[in-house]
Amino acid sequence: MKLFASLTSPYARKVRIILAEKSLPCELIVDSPWEANTRVPSVNPLGKVPALETDAGEIFFDSPVIAGYLETLDAGPKLLPADPLERVRVRQIESLADGVTDAAVLALLESRRPEGLRSEPEIDRQIDKVDRALDALEARASGRDWMYGNGMSLGDIAVAVALGYLDLRFPQHEWRREHPALAGLARRMFARPSFTATKPPVG
Ligand SMILES: N[C@@H](CCC(=O)N[C@@H](CS)C(=O)NCC(=O)O)C(=O)O
């Protein structure tokens, strides 16, 4: 398999963590879709990373689809429950966590626009989404070791990746203060080799 990814993409990090947790070999092709000579549009018409090329040459994107594909391979640990409704529930947690990342990315991009074009209300609107979603995730995480069930799932990985992205891009956002259960989850997840090996470079 080949994974097209940038080293700072939180969505690509989610997939790299899944690959590491499942000990699945995969060639990492570092490619930033923001650069002029990027090859990403030739594998994903949307021009986004991550995109995965299977050993059979099939391409999958985006990160939830890749996560679903990796789950079909004969590699443990299983990160989604076998029961279809339980699976949807874990994917709901993933979707909420990815939504935190989406809003944080939009806030970052807006904050990088030149003065005069930049909209502070739009940044605030995106950060409000982050905060509401963190409150919902905190309610879910409170009083339990894992976001769903009795072991690590895709939900835990997606939530921790989103929190790691907040630390990277919004270090001034003190999300730990009002979200102690998420802070505990992050501490445990960040210590895993799959997380330490995929820590994004600053930049
Ligand atoms: N929903 C997608 C989001 C992927 C995404 O937005 N990736 C960013 C990098 S963090 C990207 O490639 N952006 C390039 C662009 O928007 O042109 C996923 O989960 O994979």
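The values are calculated or read from the model by the stated rules, or taken from the named source; none is laboratory data. Small disclaimer: the values here were computed from a predicted structure and weren't measured. Ideal geometry is used to build each Cβ from the backbone, glycine not excepted, and the neighbour counts take in all protein chains shown. When the accessible area is computed, the model is the full protein with side chains, heavy atoms only, and any ligands, DNA or RNA have been set aside. Shrake-Rupley method; radii C 1.70, N 1.55, O 1.52, S 1.80 Å.
Looking at D102, is it acidic (D, E), within 15 Å of the ligand (Cβ to nearest atom) and assigned by TED's automatic domain parsing to the domain that holds D156?
yes
Residue by residue through the stretch 156-182, note down the ones that are outside any loop (DSSP other than H, G, I, E, B), under 18 Å from R132 (Cβ atoms) and open to solvent by less than 20 Å² (accessible area, probe 1.4 Å).
A158, V159, A162, L163, Y165, L166, W175, L182
When you look at W146, is it closer than 28 Å to S6 by Cβ and more than 15 Å from the chain's Cα centre (by Cα), yes or no? Reasoning before the result, please.
Working: closer than 28 Å to S6 by Cβ: no; more than 15 Å from the chain's Cα centre (by Cα): yes.
No, not satisfied.
Can you list residue pairs whose Cβ atoms sit under 6 Å apart, with the first residue in the stretch 114-127 being open to solvent by less than 80 Å² (accessible area, probe 1.4 Å) and the second being of a type in the set (A, V, I, L, M) and in a helix (DSSP H, G or I)? Count only pairs 6 or more apart in sequence or on different chains.
Note: pairs meeting the criteria are I123/A107; Q126/A103; Q126/L106; Q126/A107; I127/A107.
Can you name the residue in the stretch 1-17 that is assigned to a loop (DSSP other than H, G, I, E, B) and near the ligand (Cβ under 9 Å from one of its atoms) and is also nearest to V30 (Cα to Cα) among such residues?
Of all residues in the stretch 1-17, those assigned to a loop (DSSP other than H, G, I, E, B) come to 1, 6-9.
Still in the running and near the ligand (Cβ under 9 Å from one of its atoms): 6, 8-9.
Values: S6: 5, T8: 10, S9: 11 Å.
The qualifying residue nearest to V30 (Cα to Cα) is S6.
Restricting attention to the stretch 18-49, report how many residues are within 12 Å of the ligand (Cβ to nearest atom), in a loop (DSSP other than H, G, I, E, B) and out of contact with any Phe, Trp or Tyr (no Cβ under 6 Å at 6 or more places or on another chain).
So the answer is 9.
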